[in-house]
Amino acid sequence: MRELTVRISFTKHSLGSVKKENGRFLLARNPAGAVTFLASWHNANMRFAAQILGRHQDEVGKILWDIAVDATVKRDSWFRRYYAVTGSARQRYVLHESFVPGQVVGINCVVPAAISDDDFWQLMQLAGRYKGLSPARPGEFGNFEVVSIRPRRALASDQGTQADTEAGLKQKGPETLPVSQAPSER
């Protein structure tokens with residue numbers, strides 16, 4: 001298994017679905033304030049993509065997804081979604097907080113070794129083209145293209161020896177800082 005970061009660029013707005021008292025819909029967030037996409041959405045998309053690709057139907061269920069999305073919502077990201085009122089000729093709209101087309105976000109995951117990087121890229125491309133990631137109206141909004149797939153963490157051999165990596169951090173605690181950033185060295 002390997003930990004990857006997938007960067008995707010939305011081609012359609014990805015709309016929020018958490019309704020607030022002012023009638024606006026926001027993107028869901030975790031307690032730390034990061035936007036979240038549920039792992040079940042990724043799982044459903046990847047099962048669909050594996051069926052289209054004709055490979056990895058069993059392996060895609062073993063992918064582990066981080067629900068926190070690596071992105072910030074832009075200030076001007078409100079999307080007006082129009083709808084018809086039943087029994088009336090008038091149209092109304094609701095405002096959705098959204099990721100806008102062209103915005104690049106990161107999604108972290110752990111992928112089984114049986115799925116190559118090329119196959120994972122194809123699976124993500126298919127999922128983005130046909131299903132997308134949108135809390136509100138998935139399949140209609142939230143379509144995306146894959147920009148890059150890269151390892152989430154550099155290998156220890158790329159950073160020096162394992163001893164150097166472990167020695168770079170002090171003991172765990174609220175005042176812990178990496179040795180290279182200790183206040184006396186700034």
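The values are calculated or read from the model by the stated rules, or taken from the named source; none is laboratory data. In this text the structure is predicted, and so the values were computed from the model without any measurement. Neighbour counts are summed over all protein chains in view; Cβ atoms, including those assigned to glycine, are modelled from backbone coordinates with ideal geometry.
Contact map, region 29-53: residues that are more than 14 Å from Val73 (Cα to Cα) paired with residues that are of a type in the set (D, E, K, R), Cβ distance under 7 Å, separation 6+ or inter-chain. Pairs shown: Asn45/Lys131; Phe48/Lys131.
Please tell me if Gln159 is within 30 Å of Arg81 (Cα to Cα), surrounded by 11 or more Cβ atoms within 10 Å (Cβ to Cβ) and either at pLDDT below 95 or under 15 Å from the mean Cα position of the chain (by Cα) (or both). It would help to see each step written out before you state the result.
Working: within 30 Å of Arg81 (Cα to Cα): no; surrounded by 11 or more Cβ atoms within 10 Å (Cβ to Cβ): yes; either at pLDDT below 95 or under 15 Å from the mean Cα position of the chain (by Cα) (or both): yes.
So Gln159 does not fit the description; no.
Phe144 meets the conditions (1) loosely packed, with under 14 Cβ neighbours inside 10 Å; (2) farther than 17 Å from Lys62 by Cα; (3) of a type outside the set (Asp, Glu); (4) touching a helix residue (DSSP H, G or I) at 6+ places or on another chain (Cβ under 7 Å) in every case but one. The failed one is (1).
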